[in-house]
Amino acid sequence: MNATFTAMREFFSLPAVEKKQYEAKSASDPIKCGNFNVANTSNQIFTLWRDYLKLYVHPDFHCPHKPQLLREVLLEYSQRTRKMARKLVEAVSDALELEQDYVDQVLKLDSSFQMFAANFYPPCPEPDQAIGIPPHTDPGLFTFLIHNGVAGLQIEHNGHWFNADSPQNSILVNAADQLQILSNGRYKSVKHRAVVNSEKERISIVVANGPAGEAVVGPAAPLVQKDGHPLYRSMKYVEYVESQLTKSRVDGKSLLEQQMI
Ligand SMILES: O=C(O)CCC(=O)C(=O)O
Ligand SMILES: [Fe+2]
């Protein structure tokens, strides 16, 4: 984890011209970085205070050439987190009383789509006027989040925002959209946001562990049988990710809400 932070810090301190080559050109670029100033999530406009780097790291591994140690560090970090995600999926299948390899096969986990994101939030002179990341849920099954010891993540529960100050050197696991869909609503995708502060820079590193891009994700058939009906529409995961990146809200509804039947 430390090596990952070091590599990311180095990346964010590269001269702007070096980073410019990775600037987002389209939502589905496998490597993209940028800094948003304003985001419009249909009914609210936010001033964003964040630099980010987003990479697709599995099944194909993409990574900037610089800094030099980034490639090696990220390969290891993504491999290890993928293993962890798979263990969690096994535990979930067990808890949902699904056949042992049901989820693995339906979601084609050998070619799971994994995204790596690093967020860099510099100190903000007016933290009340800006936000790091506006409220959202993540795509995928499980998101793993680590940070550099500076608080900022908040989680929504019953309409209130709570600080989620996970200890440094620990991995915070959030349930994500496809887990909610697959479990026919038994697991809830966690709504969260990141706030900024005026004193310290914050770095968070996020890995979104998903099904395969080609997997069609809907509520698991045995659960639908139990419940009598599916609560969500099925959709190819790659299409879900791309729609979330481009046009995530329609009539103020998140993509997950739009999938509800
Ligand atoms: O910086 C954080 O704590 C949250 C980041 C996040 O939610 C994301 O990258 O999806
Ligand atoms: Fe997130």
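The values are calculated or read from the model by the stated rules, or taken from the named source; none is laboratory data. Just so you know, these numbers come straight off a predicted model, no measurement behind them. Ideal geometry is used to build each Cβ from the backbone, glycine not excepted, and the neighbour counts take in all protein chains shown.
Data for the structure
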| read-out | value |
| --- | --- |
| Number of the exception - Ser189 against (1) in contact (Cβ under 8 Å) with a residue 40 or more places away in the chain; (2) away from ligand 2 (no atom under 16 Å from the Cβ); (3) within 22 Å of Gln259 (Cα to Cα); (4) among the small types (Gly, Ala, Ser) | (2) |
| So Ala118, is it small (Gly, Ala, Ser), within 12 Å of ligand 2 (Cβ to nearest atom) and within 18 Å of the chain's Cα centre (by Cα) | no |
| Pair list, Cβ < 8 Å and 6+ apart or interchain, from segment 16-31 residues that are closer than 17 Å to Gln244 by Cα to residues that are assigned to a helix (DSSP H, G or I) and among the acidic types (Asp, Glu) | Ala27/Glu242; Ser28/Glu242 |
| Options Pro211, Pro127, Pro123, Pro134: the member that is closer than 26 Å to Ile45 by Cβ, more than 10 Å from ligand 1 (Cβ to nearest atom) and either of a type in the set (D, E, K, R) or surrounded by 15 or more Cβ atoms within 10 Å (Cβ to Cβ) (or both) | Pro127 |
| Count of segment 61-81 residues which are assigned to a helix (DSSP H, G or I) and surrounded by fewer than 18 Cβ atoms within 10 Å (Cβ to Cβ) | 6 |
| Scope segment 124-146; condition part of a loop (DSSP other than H, G, I, E, B) and under 26 Å from Gly210 (Cα atoms); matching residues | Gly132, Thr137, Asp138, Pro139, Gly140, Leu141 |
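Condition check ((1) modelled with pLDDT of 95 or more; (2) closer than 30 Å to Thr47 by Cβ) across all residues:
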site: Ile205; (1), (2): yes, yes
site: Ala220; (1), (2): yes, no
site: Asp227; (1), (2): yes, no
site: Arg233; (1), (2): yes, no
site: Lys236; (1), (2): yes, no
site: Ser254; (1), (2): no, yes
